[in-house]
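Notes to accompany the following structure.
The values are calculated or read from the model by the stated rules, or taken from the named source; none is laboratory data. It should be emphasised that the depicted structure is a prediction, and the values quoted were computed from it without experimental measurement. Neighbour counts are summed over all protein chains in view; Cβ atoms, including those assigned to glycine, are modelled from backbone coordinates with ideal geometry.
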Amino acid sequence: MSNVTYANIDDNSICIGITEYQQAVTPSATMILLPSFDTSVVGQRWTGTAWETLPETAASAREWRDSELLATDYVVPLSDFPERPSYMTYREDLRNWPSTPAFPDTKPTLQ
C-alpha cells in the first residue's frame, strides 16, 4: 500500500500543512486528499474543487463584490424602493469590504 497524503486546512480553508500517512485514515473535515506530497499548496485556499493562491482569492472576492454592486445598481435611483436603506447600507459595506480585516474571508450580507 502506498502512502496517503492530506493537506490540513484551517477554518478559512487555507492549507496550513501537509501530513502523510502510511495507512488509510478516516479524513476529518479539515483534511483534503492530495495526489502527492505537494508542499506548493501550503498557504493556498481550497475552493472545494481546486487550490488557489490568496491573491487569486482576493481577486475572486473583488469580482464577486463588483458583481453584487452591479446587480444592485437599479436600487440607487429608486427613492421609493421599500428596502432601499438596507440595500444602500449593503452597497456601502461592499465598497468598504476590501479595506477591512474581514476581506476576503467574510462577505458582507444584505440585512
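The condition (being within 20 Å of the chain's Cα centre (by Cα) and of a type in the set (Asp, Glu)) is satisfied by just one residue among 66, 38: 66. Here residue 43 fulfils each of the conditions (1) modelled with pLDDT of 90 or more; (2) assigned by TED's automatic domain parsing to the domain that holds residue 13 apart from (1). Residues being in contact with a helix residue (DSSP H, G or I) (Cβ under 9 Å, 6 or more places away or on another chain) and in a helix (DSSP H, G or I) are represented in segment 42-59 by at least one member.
Against the test of being free of Cβ contacts under 8 Å to residues at least 40 places away in the same chain and assigned to a helix (DSSP H, G or I), the options 69, 33, 78 yield a single qualifying residue, 69.
Here residue 49 passes the criteria (1) at pLDDT below 95; (2) of a type in the set (Ser, Thr, Tyr); (3) surrounded by 15 or more Cβ atoms within 10 Å (Cβ to Cβ) except the one numbered (3).
When the residues of segment 1-35 are filtered to those that are under 13 Å from the mean Cα position of the chain (by Cα) and surrounded by 13 or more Cβ atoms within 10 Å (Cβ to Cβ), the one that is modelled with the lowest pLDDT is 12. Of the residues making up segment 92-111, just one is farther than 13 Å from residue 61 by Cα, surrounded by 13 or more Cβ atoms within 10 Å (Cβ to Cβ) and touching a helix residue (DSSP H, G or I) at 6+ places or on another chain (Cβ under 6 Å), namely 110.
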